[in-house]
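**Student:** Pasting a structure here, questions to come.
The values are calculated or read from the model by the stated rules, or taken from the named source; none is laboratory data. No experiment lies behind these values; they were computed from the predicted model shown. All Cβ positions, glycine included, derive from the backbone under ideal geometry; neighbour counts span all protein chains shown. Side chains are part of the model used for accessible areas, which takes the heavy atoms of the whole protein and leaves out ligands, DNA and RNA. Shrake-Rupley method; radii C 1.70, N 1.55, O 1.52, S 1.80 Å.
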Amino acid sequence: MSKRPGWLDNAVFYEIYPQSFKDTDGDGIGNISGITEKLSYIKELGCTALWLNPCFESPFGDAGYDVSDYCRVAQRYGTNDDLVRLFDEAHKLGMHVLLDLVPGHTSWEHPWFKESMKAERNEFTDRYIWTDSIWEEPAGYGSLRGISDRDGSCLVNFFTHQPALNYGFYKPQRPWQQPMDSPGALATREAMKDVMRFWLSRGCDGFRVDMAGSLVKNDEDCKGTIALWQDVRAFLDEEYPGAAMVSEWGEPSQSLAGGFHMDFLLHFGPSHYNDLFRSEHPFFMGEGDASAFVSKYMDSYERSGRRGLICIPSGNHDMDRLARHIKGERRRLAFAFLLSMPGAPYIYYGDEIGMNYVEGLTSKEGGYGRTGSRSPMQWDGSANAGFSDAPADKLYIPLDPSPGRPTAEAQLQDEASLYSEVKRLIAVRQAHRALQSLGEIVFVSDGAPGKPLAYIRSLGGERIFIAVNPTDKPCALTVDGELGEIIYSLGNGAEADGRQCVIAGCSAAFINLK
Ligand code: NOJ
């Protein structure tokens, strides 16, 4: 296991969808300079690191997750120099920046793919996964067919315009399925290392890796994919040992074995994340059930060596805004939970002010239902909420039209705002190592119907008891230890006496434990 960059231990991330954050050149779409301009806002909130969604050249059929040049910032966002300046300015503020690496597929407009489509063999013939006859479709995968002189069908990874890069098959079963150590598969891997070198050498601090767990095909237990990432980590340890790697994988026992420092809790698959925030009866609205989430979380936690390296996001560019499902004061409870759990928390831009999901939008760049979570950041009360000087009808995605839409400016000035609460919660986390990435967790109450979520975080000699109760009713809990000072409280907080604690309805409390 490589050494984890120390800054991850107390990192609080802010995810930026570059299109929608801040436009400084009046074309209606956000850009890199806009992010640099707003670094002080992110720092002031207390976040220590950024994750930028892909900002590279692309035909934008999937908002940039369809890369056509990994080593060039898309013109609409600025230049490579602008991105390097962002790294430098972030570093001056003691912050770090993760780029989004999309190793599983490219756009079908990538020059590699154009070469790969040719009938004559060339350097890129095996860069993607092709069957050896147009009449054979790859079982279990979507494919591109009849688009070129090459006689074959090409596997796709996500949308049809995203052909899958070839990292080989763990267990090849057909003649066209190349093993992981075939020259073509190894060449793809080396090409991706070059991409990483390119950005790391320019000051990027690491990567959030898209669909990291699915590179090698026919790889049921991910053994091949784990081995591939171990090799990538060995290269990083040699050349860029400080590079941080966070995976979109959803199985920390696998991704950490692959050398990733942290893994995301996903909003799909078996995580039960949505039970908390986005189901029909989300736990944080007070009527749901968090127990399946806790059980799966603890299972992952145990299987990955009781290390707190599962990152829980407030939201992201792929799911509904938190505010669509969690209303009013209960949003604060959701943040009290997010900011007191192990692993690095990720705040999706605008969630800190309670930005809404914008209903009824036409899909933009492959967003479909995700488009409503990608609307422009609401900075202030000026035209276009301070996002852009462009005419309103030229904005990349329309703004939330609601008259009372929240703005950063108003919330910054209001001690009682959600922004101020999130800022205070981050400050409490940063003041207590037990609350940060590596503090251990033991659940006291698993959020079964009518029950709060309650847990003890500990590190070194410090132990902190946390209770978050979104239900309407108070709840009594018995804790293993002597309850002391209440270091944070929300709503009506808690009453603590010895080992007993009563947490009020719709309230949260962080209490020192002796
Ligand atoms: C996951 C990304 O978060 C999502 O936005 C994208 O569409 C797919 N991967 C495909 O790259």
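**Student:** Can you tell me, using C-alpha contacts under 8 Å and at least 6 residues apart, the relative contact order of the range 441-513 as a whole percent?
**Tutor:** This gives 30 percent for the range 441-513.
**Student:** Taking just the C-alpha trace of the chain, give me its Rg and Dmax in Å.
**Tutor:** Over the chain's Cα set, Rg and Dmax evaluate to 23.3, 78 Å.
**Student:** Here is a follow-up. Find, to one decimal place in angstroms, the Kirkwood hydrodynamic radius of the range 1-133, where the mean of 1/r is taken over every pair of different Cα atoms and then inverted.
**Tutor:** Across the range 1-133, the inverse of the average 1/r is 16.5 Å.
**Student:** Taking 0.36 nm per residue of separation and subtracting the Cα-Cα distance, what length does fully extending R202 through E220 add?
**Tutor:** Gain in length upon complete extension: 2.9 nm.
**Student:** Now, a different point. For D380, what accessible area in Å² do you get when you roll a 1.4 Å probe over the heavy atoms of the protein chains, rounding to the nearest 10?
**Tutor:** Result for D380: roughly 40 Å² accessible.
**Student:** Let me ask something additional. With point charges of +1 on the Cβ of Lys and Arg and -1 on the Cβ of Asp and Glu, referenced to the Cα centre of the chain, which listed residue (P252, L155, M192) lies farthest in the positive direction of the dipole?
**Tutor:** P252
**Student:** Return the distance in nm (one decimal) between the two label points of a simple spin-label model at I487 and Q413, each offset 7 Å from Cα along Cα→Cβ.
**Tutor:** Between I487 and Q413, the simple spin-label model gives 3.4 nm.
**Student:** Averaged per residue, what accessible area in Å² does the range 105-164 show with a 1.4 Å probe, protein chains only? Walk me through the numbers on the way to the answer.
**Tutor:** On the way: 2950 Å² over 60 residues.
In whole numbers, the range 105-164 has 49 Å² accessible per residue.
**Student:** So for the chain: antiparallel DSSP bridges make up what percent, rounded to the nearest 5? Numbers along the way, then the final one.
**Tutor:** Working: 40 of 65 bridges.
Once the DSSP bridges in the chain are tallied, antiparallel ones form about 60 percent.
**Student:** Okay, moving on. So how tilted is helix 418-431 from the main axis of the chain? Cα-based, degrees 0 to 90, rounded to 10.
**Tutor:** 90
**Student:** What nm distance separates the two modelled labels at D69 and A448, each placed 7 Å from Cα along Cα→Cβ?
**Tutor:** About 5.9 nm, to one decimal.
**Student:** Next question. How much length is gained on full extension from R121 to D389, taking 0.36 nm per residue of separation minus their Cα-Cα distance?
**Tutor:** Between R121 and D389, full extension yields an extra 91.5 nm.
**Student:** In whole angstrom, note down how far apart the Cα centers of the range 240-292 and the range 359-423 are.
**Tutor:** Using only Cα atoms to place each centre, the spacing works out to 26 Å.
**Student:** Sticking with this structure for a sec: Quick check: residue separation of D472 and S382 times 0.36 nm, minus the Cα distance between them. What number comes out in nm?
**Tutor:** That works out to 28.6 nm of additional length.
**Student:** Can you give the Rg to Rh ratio of the range 441-513, both from alpha-carbon atoms, with Rh computed by the Kirkwood formula? Don't skip to the answer; put the middle values down first.
**Tutor:** Values: Rg = 10.9 Å, Rh = 11.7 Å.
Value, to two decimals: 0.93.
**Student:** So what's Rg/Rh here for the range 105-164, counting alpha carbon atoms and using the Kirkwood radius for Rh?
**Tutor:** Result for the range 105-164 is an Rg/Rh of 0.91.
**Student:** Still on this model: I'd like the accessible area for M319: 1.4 Å probe, protein heavy atoms, all chains in place, Å² to the nearest 10.
**Tutor:** Accessible area, nearest 10 Å²: 10 Å².
**Student:** If you count, for each residue, the other Cβ atoms within 10 Å and average over each peptide, how do 124-130, 17-23 line up from highest to lowest?
**Tutor:** My ranking of the peptides, most packed first, is 17-23, 124-130.
**Student:** What percentage of all Cα-Cα pairs in the range 4-75 are separated by more than 21 Å?
**Tutor:** So the portion of pairs separated by more than 21 Å is 34 percent.
**Student:** Please report, in whole Å³, the volume per residue of the convex hull around the C-alpha atoms of the range 310-381.
**Tutor:** Once divided by residue count, the hull of the range 310-381 is 104 Å³.
**Student:** How about the range 405-475: which GluC sites (Glu not before Pro) there are in a DSSP loop, with at most 12 other Cβ atoms within 10 Å of their Cβ?
**Tutor:** E415
**Student:** With a 1.4 Å probe and all protein chains kept in place, how much accessible area does T478 have, in Å² rounded to the nearest 10?
**Tutor:** 90
**Student:** Given a Förster radius of 22 Å and the C-beta distance between N80 and K114 as r, what FRET efficiency does 1/(1 + (r/R0)^6) yield to the nearest 0.05?
**Tutor:** Details: r = 23 Å, r/R0 = 1.03.
With R0 = 22 Å, the Cβ-Cβ based efficiency is 0.45.
**Student:** Same structure again: How high is the relative contact order of the range 105-164? Use alpha-carbon pairs under 8 Å, at least six apart in sequence, and give a whole percent.
**Tutor:** Working: 116 pairs, mean separation 21.4, N = 60.
RCO, the range 105-164: 36 percent.
**Student:** So, one more: Give, in whole angstrom and from largest to smallest, the semi-axes √(5λ) of the equivalent ellipsoid of the range 366-416, with λ running over the eigenvalues of the Cα gyration tensor.
**Tutor:** They are 21, 14, 8 Å, listed largest first.
**Student:** Still on this structure, I have one more. Heavy atoms only, probe 1.4 angstrom, no DNA, RNA or ligands counted: give me S253, S304 ranked by accessible area, highest first.
**Tutor:** Descending order: S253, S304.
**Student:** Evaluate the distance, in nm, between pseudo-label points positioned 7 Å from the Cα of S40 and of S295 along their respective Cα→Cβ axes.
**Tutor:** Reported label-point gap for S40 and S295 is 5.1 nm.
**Student:** Please list, by residue number, every one of the trypsin sites (Lys or Arg not before Pro) in the range 247-343 that is coil in DSSP and has at most 16 other beta-carbon atoms within 10 Å.
**Tutor:** R306, K327
**Student:** Shifting gears a bit: Would you work out the relative contact order for the range 198-249, in percent, from Cα pairs under 8 angstrom that are 6 or more residues apart? List each step's numbers first, then the result.
**Tutor:** Details: 44 pairs, mean separation 29.0, N = 52.
Rounded, it is 56 percent for the range 198-249.
**Student:** Beyond a 25 Å Cα-Cα separation, which of these cross-linked pairs lie in this structure: K3/K217; K114/K394; K22/K92; K38/K193?
**Tutor:** Pairs exceeding 25 Å: K3/K217; K114/K394; K38/K193.
**Student:** Accessible area, 1.4 Å probe, largest first: how do L459, L215 sort?
**Tutor:** Working: L459 50, L215 5 Å².
Putting L459, L215 in descending order of accessible area: L459, L215.
**Student:** Which order do you get for F198, F335 if you rank them by accessible area with a 1.4 Å probe, largest at the top? Don't skip to the end; give the middle numbers.
**Tutor:** Working: F198 45, F335 0 Å².
Reading off the accessible areas and sorting them downward yields F198, F335.
**Student:** How far, in degrees from 0 to 90, does helix 223-239 lean away from the longest principal axis of the Cα atoms of the chain, to the nearest 10?
**Tutor:** The angle comes out at about 90 degrees.
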